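Participant: Got a structure here, written out as structure tokens. Questions coming.
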Amino acid sequence: MHRLIATLAAGLALMLAAPSQAQNWPQRTVRFIVPLGPGAGVDIAARLLADKLTTRWGQPVVVENRPGGDAIVAISAFIGARDDHVLLFSPTSSFTAHPYQHDKMPYDSLDLSPIARVAITLLGFAVPATSKMATVADFIAEVRAQPGKLNYTTATGMTDVIYDGYFKKEGLVITRVPYRDVVAPLTDLGEGRIQAYIGALAIEQPHIRAGRVKPIAVTNSQRAHNYPDVPTVAQAGFPDLTFDGLTGLFGPRDMPNALRERIAADIAAAMADPTIITRLTATGQVVSPGRPGEFAASIEGQRASLAAIAKALGIKQAQ
């Protein structure tokens, strides 16, 4: 009986402490760990938001880039910190595909507690500007005509699975070249060493403007506001290649819901700033703040879509 009373008392204490913790947080510097390098769409969003939240919270918010290892470097650093002032700022596609890419998961997905959706990233299907390919159909035809001779790359794990899976299903032989830094492939793309890159328009945009690469489609279900003449992959006749990127913030497993809700509300307020909306829109992102439950539901929807693709391709999930 005494043990039961003690357990109930401890639980009540935690419940009472959660609102207080939410009100008093943060008490020191907050770190956003980003799994991609500087210049990536998620990095741009993280830095814009960090500036606003620094003022709002009265504590420094710093962005720490940890690229490499298929996002596992960043995720491991985040989980290993075990600190509610160290948060993961990441595209969900960086990790939702991990169960299909690794024989053994290097972390527990429950260690990533959704706090807030921040934006929807627009992904461009780009080719060298000098290429004669003007459509996705042109690219597929070229791959079919030259089996094993073309190279391509993608920015995140989920796009890897979607595109590798599509090529496998269609019997197309093409080499995916892995890069540690998502910005680096654009130089190779512009010079024709790789023939296609599927990644954030935020990364591709400087090279598009410089005339080195050209977008032939966007993977999203909607066209990009700043590239209205570029069709979606579905409009181009390839609906299986559709993918909407989600970017958001994650806290540690035991972060109280009251604190996650408070942070999500602060993010939504900060992102209502017209300056942030304008700058993110210009980089090919759609401002789309969402609360913890909504963000979690979006992630589960993405996982369900990926599971259906993996099942159709016979890809087994890691145990």
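The values are calculated or read from the model by the stated rules, or taken from the named source; none is laboratory data. The structure presented is a predicted model; accordingly, all values stated were derived computationally and were not measured. Glycine gets a Cβ as well: all are built from the backbone with ideal geometry, and neighbour counts include every protein chain shown.
Participant: For the range 12-123, please list each of the helices (runs of 4 or more DSSP H) lying entirely inside it that holds at least 2 residues being assigned by TED's automatic domain parsing to the domain that holds residue 250 and of a type in the set (Lys, Arg).
Facilitator: Details: elements: 41-57, 72-81, 98-101.
The qualifying helices (runs of 4 or more DSSP H) are 41-57.
Participant: Run residue 231 past the list (1) under 18 Å from the mean Cα position of the chain (by Cα); (2) at pLDDT 95 or above; (3) within 28 Å of residue 198 (Cα to Cα) and report the number of the one that doesn't hold.
Facilitator: (1)
Participant: Looking at (1) more than 17 Å from the chain's Cα centre (by Cα); (2) on the phi > 0 side of the Ramachandran plot, can you tell me which one residue 275 breaks?
Facilitator: Every listed condition holds for residue 275 apart from (2).
Participant: Restricting the range 248-272 to residues that are modelled with pLDDT of 95 or more and among the acidic types (Asp, Glu), which is nearest to residue 111 (Cα to Cα)?
Facilitator: Applying the filter and picking the extreme gives 261.
Participant: Which residues, taken from the range 159-218, are outside any loop (DSSP other than H, G, I, E, B), of a type in the set (Lys, Arg) and either more than 28 Å from residue 310 (Cα to Cα) or in contact with an Asp or Glu (Cβ under 9 Å, 6 or more places away or on another chain) (or both)? Explain how you work it out, then say what you get.
Facilitator: So the first thing to find is which residues in the range 159-218 are outside any loop (DSSP other than H, G, I, E, B), and the list is 159-169, 175-176, 185-190, 196-209, 213-218.
With the extra rule that they be of a type in the set (Lys, Arg), the set shrinks to 168-169, 176, 209, 214.
Scanning the range 159-218 gives 169, 176, 209, 214.
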